[in-house]
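Encoded as structure tokens, the structure appears first; notes follow it.
What follows is calculated from the coordinates using simple rules that are stated; it is not laboratory data. Computed from a prediction, not measured in an experiment: that's the story for all the values here. Positions of Cβ are backbone-derived with ideal geometry, glycine not excepted, and every protein chain shown enters the neighbour counts.
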There are 2 protein chains.
Amino acid sequence: MALRNHVEWALYCCVVLATLPPGQYVSTKALAAFYGLPKDYLHKALQRLSKAELVETAPGPMGGYRLAKASGAITTLDIVEAIGASDSLYRPTSIHSRLPFLRDDNVSEGSAIDRLMYAAERQWRRSLHSVTLQELAQSYERDFDADGWQKNVSDIRERRWLET
Amino acid sequence: MALRNHVEWALYCCVVLATLPPGQYVSTKALAAFYGLPKDYLHKALQRLSKAELVETAPGPMGGYRLAKASGAITTLDIVEAIGASDSLYRPTSIHSRLPFLRDDNVSEGSAIDRLMYAAERQWRRSLHSVTLQELAQSYERDFDADGWQKNVSDIRERRWLET
DNA sequence: GAGAGACTACTCGGATACAGTCTGTCCGAGTAAATCCGG
DNA sequence: CCGGATTTACTCGGACAGACTGTATCCGAGTAGTCTCTC
């Protein structure tokens, strides 16, 4: 998959954004420090989310990112596609169209092999599409101790991670 | 996806092998010439199929590759996995395990985000697993004029492509 | 005509080079909150 | 105490370098049919 790390990082960052009190911004620096990621590179991932209008940005101090919609209105597929641009998992070459005896009406639609791969990819997308960011965040919260995740997020909000 | 071209090429070659009369071998050279692919590089893809025991090889003149099992007993997922090695679409980094407040019993199994991506990947695999090479070959045949595909395959078998 | 040797056509595996993408860093420009400073 | 200038902390976007992987080529070794040559 294209931009492997970015997809993963974007999901982790969105989960934080989804847990924050509504309206609150969080900076790239805060997210990078919390997750131990390279700030500038993570920033590029967040920029893509911004371009896809999944998050809103605010410049200046106290600025940063926040969700542009309710977390229940964002699917995990939205996030993955925002990062991966329009990249498909499968990119056919032009093998097929060079062959003789092709039926004219089938050339433009790709071969049976293309259709096979695209169908599989649709299932992949469908699976991601069926989970909203809200559900993912709730599910992620359960990976932590009681209130553990909330504690982490408020640490991010209050910049406590910088004191160490 | 890892080795994009190899996955595609392997599927095209397997479709030829599935159409051939049983027991007949076809050489890398023949397949490469027919599809207009670089012989030596295509050869590496076929070697992987051989290693996965999907195809059998025979050295010497008249040698080459043939299917090791009936085409109905090979799924398209078998072929894709044979090429892609054990590569997963999603490769998590160690972001998750570094966080505080994690529940001990959840650390080793990966985070909710890992599970999300793996679930999507399972759907992708399931889709490929549900189509056998036999079905793919039949479907591919329909992309051609009546008997067009059969004509192509017998051209390969009789090495007619070299005369041009 | 039969058998031994040379030849040919293929597979197999490793070494290597090139290109493209992923990963990561750096910097300058723009913006807005916070701070400072003079009146 | 007020208002304007400065500082600070962030986003945004581009340029760039290094590493990794995908793409492709080449070569030598091994194997098995095929051909030739000799007896």
Note to self: Using Cα springs under 10 Å in a Gaussian network model of chain B, which residue among B:T132, B:T76, B:T93 shows the largest mean-square fluctuation?
What the structure shows: B:T93
Note to self: Could you identify which residue out of B:L42, B:L89, B:L116 has the top mean-square fluctuation in a GNM of chain B using Cα springs shorter than 10 Å?
What the structure shows: B:L116
Margin query: Taking a cut-off of 26 Å, what percent of all Cα-Cα pairs in the protein assembly as shown are separated by more than that?
Written below: 55
Next item on the list: For peptide B:5-18, compute the average count of partner chain beta-carbon atoms within 10 Å of each residue's beta-carbon.
Entry: 3
Note to self: So the label point sits 7 Å from Cα along the Cα-to-Cβ vector; using that for A:R4, what distances do you get to the other copies, in nanometres, sorted shortest first?
What the structure shows: 1.6
Next item on the list: Sort shortest first the distances from A:A146 to its counterpart in every other copy, using label points 7 Å along the Cα-to-beta-carbon line, and give them in nm.
Entry: 7.5
Notebook entry, point to check: Can you pull the Rg over Rh of the range B:61-148, Cα-only, Kirkwood?
Noted result: 1.21
Margin query: Taking 23 Å as the cut-off for C-alpha to C-alpha distance, list the pairs among A:K29/A:K51; B:K44/B:K69; B:K51/B:K151; B:K44/B:K151 that go past it.
Written below: B:K51/B:K151; B:K44/B:K151
Check: What are the nm distances, shortest first, from A:R157 to its equivalents in the other copies, labels at 7 Å along Cα→Cβ?
Finding: 7.2
Notebook entry, point to check: Over all residues in B:35-41, what is the mean tally of Cβ atoms on other chains that come within 10 Å of each residue's Cβ?
Noted result: 2
Check: Which shape class applies to chain A: rounded if a/c is under 1.5, otherwise prolate when a/b exceeds b/c and oblate if not, where a ≥ b ≥ c are the square roots of the Cα gyration tensor eigenvalues?
Finding: prolate
